[in-house]
1. Hey, among the residues in region 55-91 that are among the small types (Gly, Ala, Ser) and surrounded by 14 or more Cβ atoms within 10 Å (Cβ to Cβ), which one's farthest from residue 24 (Cα to Cα)?
2. Say we look at region 30-49 and pick out the residues that are of a type in the set (Val, Ile, Thr) and assigned to a loop (DSSP other than H, G, I, E, B); which of these is nearest to the chain's Cα centre (by Cα)?
3. Just name the residue that is surrounded by the most Cβ atoms within 10 Å (Cβ to Cβ) out of those in region 149-161 that are touching an Asp or Glu at 6+ places or on another chain (Cβ under 9 Å) and within 17 Å of residue 58 (Cβ to Cβ).
4. Which of (1) assigned to a loop (DSSP other than H, G, I, E, B); (2) without any contact (Cβ under 8 Å) to a residue 60 or more places away in the chain is the odd one out, the single condition residue 76 does not satisfy?
5. Going by the conditions given, is residue 171 of a type outside the set (Gly, Ala, Ser), closer than 27 Å to residue 34 by Cβ and surrounded by 15 or more Cβ atoms within 10 Å (Cβ to Cβ)?
6. Considering 76, 62, which residue is more than 18 Å from residue 147 (Cβ to Cβ), modelled with pLDDT under 90 and out of contact with any helix residue (DSSP H, G or I) (no Cβ under 8 Å at 6 or more places or on another chain)?
7. Among the residues of region 113-148 satisfying the criterion of being out of contact with any helix residue (DSSP H, G or I) (no Cβ under 6 Å at 6 or more places or on another chain) and among the β-branched types (Val, Ile, Thr), which is surrounded by the fewest Cβ atoms within 10 Å (Cβ to Cβ)?
8. Considering every residue within region 80-92, establish whether at least one is in contact with a Gly (Cβ under 9 Å, 6 or more places away or on another chain), within 26 Å of residue 168 (Cα to Cα) and of a type outside the set (Ser, Thr, Tyr).
Amino acid sequence: MLALLLATGFILAGEAIHFDAELRPRFTEKQVRETAASTRAGLVKWAATEEGKAIIARFQVSDREVVVTESGEESSIGSAPQPGFLTMLAANDRAKRKTYQLVVNPMLAAQYNNKTAVHLGLPQTPADVMALAWAGEMLHIDFYAKGISLPHHDRAEFQERWQLVAAAMGMPRVDHMTEHRRDYELPALDRR
């Protein structure tokens, strides 16, 4: 029996990402053709966590959308720029549509190859790195959607939620740093 597909406010390759009843993403042919496998696999891994499911469910409303872009120009594995003042002000206004940007860099993630990570609680594959990007940047966007502007890295709730989702994805040793340090503390790339 096929599960009912639910449209959400997540846009990838110009098309909505659909999620089944268990909030597992189902990609269109265009999304598969035009995006990196690690971006999609990272979303699948993050979406399987309680944190991921909770955020996805909160974005299954008509007044919010997350536009996901892949860019090799992004200097980190991901970013979620703070939206403009009017979007932040309208956080609780269901009559106004809010658009959030999520930028991921699967090209940077593709360089990541840490064969010993399975023993260290760190990412091992490009998909793991992209799961961290989804988790960290969607956590930022979830705060924006509640009207909470930057800085919020040092907030106890932010760090607690990050630690739980990183552990749920099998990477409990990855820190989401404060505003003054890199967002993700990943070990040096092994380019062998």
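The values are calculated or read from the model by the stated rules, or taken from the named source; none is laboratory data. Remember, it's a predicted structure, so these values are computed and weren't measured experimentally. Note: ideal-geometry Cβ built from the backbone for every residue, glycine included; neighbour counts use all protein chains shown.
1. Initially, region 55-91 is screened for residues among the small types (Gly, Ala, Ser), giving 57, 62, 71-72, 75-76, 78-80, 84, 90-91.
Those still in the list that are surrounded by 14 or more Cβ atoms within 10 Å (Cβ to Cβ) too: 71, 76, 78-80, 90-91.
Working: 71: 24, 76: 26, 78: 21, 79: 23, 80: 22, 90: 29, 91: 26 Å.
The residue in question is 90.
2. So the first thing to find is which residues in region 30-49 are of a type in the set (Val, Ile, Thr), and the list is 32, 35, 39, 44, 49.
Going one step further and asking which of them are assigned to a loop (DSSP other than H, G, I, E, B), we end up with 35, 49.
Values: 35: 15, 49: 12 Å.
Selected residue: 49.
3. The qualifying residue surrounded by the most Cβ atoms within 10 Å (Cβ to Cβ) is 161.
4. Unmet for residue 76, out of (1) assigned to a loop (DSSP other than H, G, I, E, B); (2) without any contact (Cβ under 8 Å) to a residue 60 or more places away in the chain: (2).
5. Details: of a type outside the set (Gly, Ala, Ser): yes; closer than 27 Å to residue 34 by Cβ: no; surrounded by 15 or more Cβ atoms within 10 Å (Cβ to Cβ): yes.
For residue 171, the condition - of a type outside the set (Gly, Ala, Ser), closer than 27 Å to residue 34 by Cβ and surrounded by 15 or more Cβ atoms within 10 Å (Cβ to Cβ) - is not met.
6. Details: 76 fails: out of contact with any helix residue (DSSP H, G or I) (no Cβ under 8 Å at 6 or more places or on another chain).
On inspection, the qualifying residue turns out to be 62.
7. 116
8. First, pick out the residues of region 80-92 that are in contact with a Gly (Cβ under 9 Å, 6 or more places away or on another chain): 80, 88-92.
Pick out the ones that are also within 26 Å of residue 168 (Cα to Cα) and you get 80.
In the following step, the residues that additionally are of a type outside the set (Ser, Thr, Tyr) were identified as 80.
There is at least one residue in region 80-92 that is in contact with a Gly (Cβ under 9 Å, 6 or more places away or on another chain), within 26 Å of residue 168 (Cα to Cα) and of a type outside the set (Ser, Thr, Tyr).
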